[in-house]
Amino acid sequence: SLYSVFTVLFMYFTSISTAQTTDCLHLREQCINAANGCESAWNVLEDICNISVLGNRCKAEDVIGCNRIIQVLADEYPEFKNCVCTTDDFCSITTLLGKQCSINKDNISTETKLQWSLSALSKQAYTANRTCLDVNKECVEDEVCNKQLSLYLKVCSVNKKCNMEECQAAIRFFYQNMPFEVAHMMTFCDCIQADESCHRAKELLHGKPCAVTAVPPPSCLNVIHMCEENELCRKKYTNFRSKCWRHVTKKCYDDEACLETLIKDDMPCSANADCKAAYISNWGTMLRVECTCQNLPPAEQSLCELFHHMLHSKSCFS
């Protein structure tokens, strides 16, 4: 139960130095009481880490998954870095639980690669025009992929009330925890119009509706502005523009008056492997939220349509 996990966490926190204990407990309380999505991220962390009281008290049942979601929490809410991260780029369950547990970045990287090396999917070369139904079936039949998929679907399930932030965190965790070729295969799968089973599989793999559908849909201008106010999203958006839309970045950067002068036909997209990786990295952020340019003042229309084209146009990859 959540209570027992909190109890275990409290016991672990008390074994760390007093200063660090105070900081971590205070941050956790702030997170739980905040109305900014932090509580949802923390609940995902507790669910995934599922710290075992039996046996090794420093052992989470899924160490790799747990470390990944801790990294997501620290990226989304940087104040946690002080108590869960040993360096700027590495956060782990053992850091959260205390110095008496020891593990390093190389061990985690090796274990992740070892898990995926046992997957037949990781050995497949990417082939275009795969249906989402086939891709979903292959993932379910693969032990490593199915384990990751089940965890993600549990958080984004349509059978419970959707929490967009929680589901987006699970999507980031899902797609960042697999080889590029596997993520490429899943994010670029598609369906013919009449195949309802395929469309259901596509919605599951692509986080619909929970992670991408807001009611009412925001304008694409608002999506970009909200993204720029979030440290994690801003980094991903900057990388996406530099890798995919270099012409836009080179000519205008953040100057919206300049951006308004561009037209879609004047926006070549690189569509190379780096661009595709940057695009996949956007999954699980507000950049993937379905946005609209309807009912906007005429002065904002062209810029909104430009952003919609950059974020959602298939032309870059077709």
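Looking at the range 159-203, which of the residues that are without any contact (Cβ under 8 Å) to a residue 60 or more places away in the chain and of a type in the set (S, T, N, Q) is least open to solvent (accessible area, probe 1.4 Å)?
Asn159
Residues that are modelled with pLDDT under 65 and more than 25 Å from Leu204 (Cα to Cα), at least 2 per element: which helices (runs of 4 or more DSSP H) completely within the range 45-154 meet that?
Per the criteria, 93-97, 105-117.
The values are calculated or read from the model by the stated rules, or taken from the named source; none is laboratory data. Because the structure is predicted, anything quoted here is derived from the model rather than measured. Quick reminder, even Gly has a Cβ in these numbers, built from the backbone with ideal geometry, and neighbours come from all protein chains shown. Accessible surface areas use protein heavy atoms only, side chains included; no ligands, DNA or RNA. Shrake-Rupley method; radii C 1.70, N 1.55, O 1.52, S 1.80 Å.
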